[in-house]
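The values are calculated or read from the model by the stated rules, or taken from the named source; none is laboratory data. From a predicted model like this one, the values you see are computed outputs, not experimental measurements. Reconstructed Cβ throughout: ideal geometry from the backbone, glycine too, with neighbour counts over all protein chains shown. Areas reflect the complete protein model, heavy atoms only, side chains present, ligands, DNA and RNA absent. Shrake-Rupley method; radii C 1.70, N 1.55, O 1.52, S 1.80 Å.
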Amino acid sequence: MDQFLSSFTVEDYWRLFDLVRNSVITAGVLGLMGGLVGVFIMLRRTALVVHGIAEVSFAGAALALLLGLDVVAGSAVGAVVLALLIGGLSLKDKDTSGVAGVLMPFGLGLGILFLSLYDGRSSNKFGLLTGQIVGVDDVQTQTLVTGAVLIMAVLVLVWRPMLFASVDPQLARARGVPVNALSLLFMGLLGGAVAMSVQVVGALLVLSLLVVPAAAALKVTARPVLAVGLSMLFGLISAVGGIMLALTGEVPISPYITTIAFMIYLVCLAAGRGRGRRRRRQAAQMLDGDRTSGSGAAGAPTAAASSRG
């Protein structure tokens, strides 16, 4: 424990910060993207799908690593292909989580196979599972930031029909909203979002960036716009805060990101429950007040009748 605590230092902190400036920018933008996408993930109840896509994204990245190709591109191809496959297979039976549960272990098995055949550095293997955002260069930064901005722009453009289809798909379909097309579009966007988020926290911890901030925001508000704003803020704090803290020690970035996100969730959970108790207490007081006033009004004629008698 003493060795762990002694590894933290703020010496040359800003010099180290200059070395990871691209990482901070990239993580911040991906945190904002994760917050926006995460709200739709929670509304559609597809958190398990995110994990399944991450596993196949890991397999695509591992195959690219084995073949000497671009790891980010391999991750993106694997994630988007699986996301569209899940979306297409679940259009009729609506069992999105079931389809993801079937494909997820297959993708993870492929990823493990490809990594076992890879003879390169072990750090590259470990980075696919836990993230490798510190090593991004200018080209990767531009690619990831551009992709994240495009995903957010598309979601903003289809905000109202996408929200309608996510909250009540049956009513949306009855109103003429193209629910199936929007579902496929969202799955494609989700695949891209997962592939990019894997670069920050790895395939094993991707839920911390795409699910936890949104889950925390929805604990304190039910308003979609406010929930999106809080979720994006929480994602930004988790991603950037994780890198800033990681610079003080030798612990990888991903544990910091997951811890910050989890702590935010706990605070929002406590705040949501506290507000719920206050609302129930106020409702009970109003009900008691109505009963008291009602009994007083009912007793007034009785008293008047007794005085006349």
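Some notes on this structure:
- Search result, residues across region 171-190 that are loosely packed, with under 14 Cβ neighbours inside 10 Å and closer than 13 Å to residue 44 by Cα: none
- Residue that is surrounded by the fewest Cβ atoms within 10 Å (Cβ to Cβ), among those in region 214-250 that are among the β-branched types (Val, Ile, Thr) and over 12 Å from the mean Cα position of the chain (by Cα): 225
- The set of residues from region 240-278 being more than 17 Å from residue 28 (Cα to Cα) and of a type in the set (A, V, I, L, M) comprises 251, 263, 266, 267, 269, 270, 271.
- Residue match in region 24-31 (condition: more than 19 Å from residue 142 (Cβ to Cβ) and either out of contact with any helix residue (DSSP H, G or I) (no Cβ under 8 Å at 6 or more places or on another chain) or open to solvent by 20 Å² or more (accessible area, probe 1.4 Å) (or both)): no
- Residue in region 183-201 that is in contact with a Ser or Thr (Cβ under 6 Å, 6 or more places away or on another chain), within 30 Å of residue 61 (Cβ to Cβ) and part of a loop (DSSP other than H, G, I, E, B) present: no
- For the residues 209, 155, 204, the requirement of being assigned to a helix (DSSP H, G or I), buried (at least 18 other Cβ atoms within 10 Å of the Cβ) and at pLDDT below 90 singles out 209.
- Candidates 194, 179, filtered to the one that is in contact with a helix residue (DSSP H, G or I) (Cβ under 7 Å, 6 or more places away or on another chain) and without any contact (Cβ under 8 Å) to a residue 24 or more places away in the chain: 179
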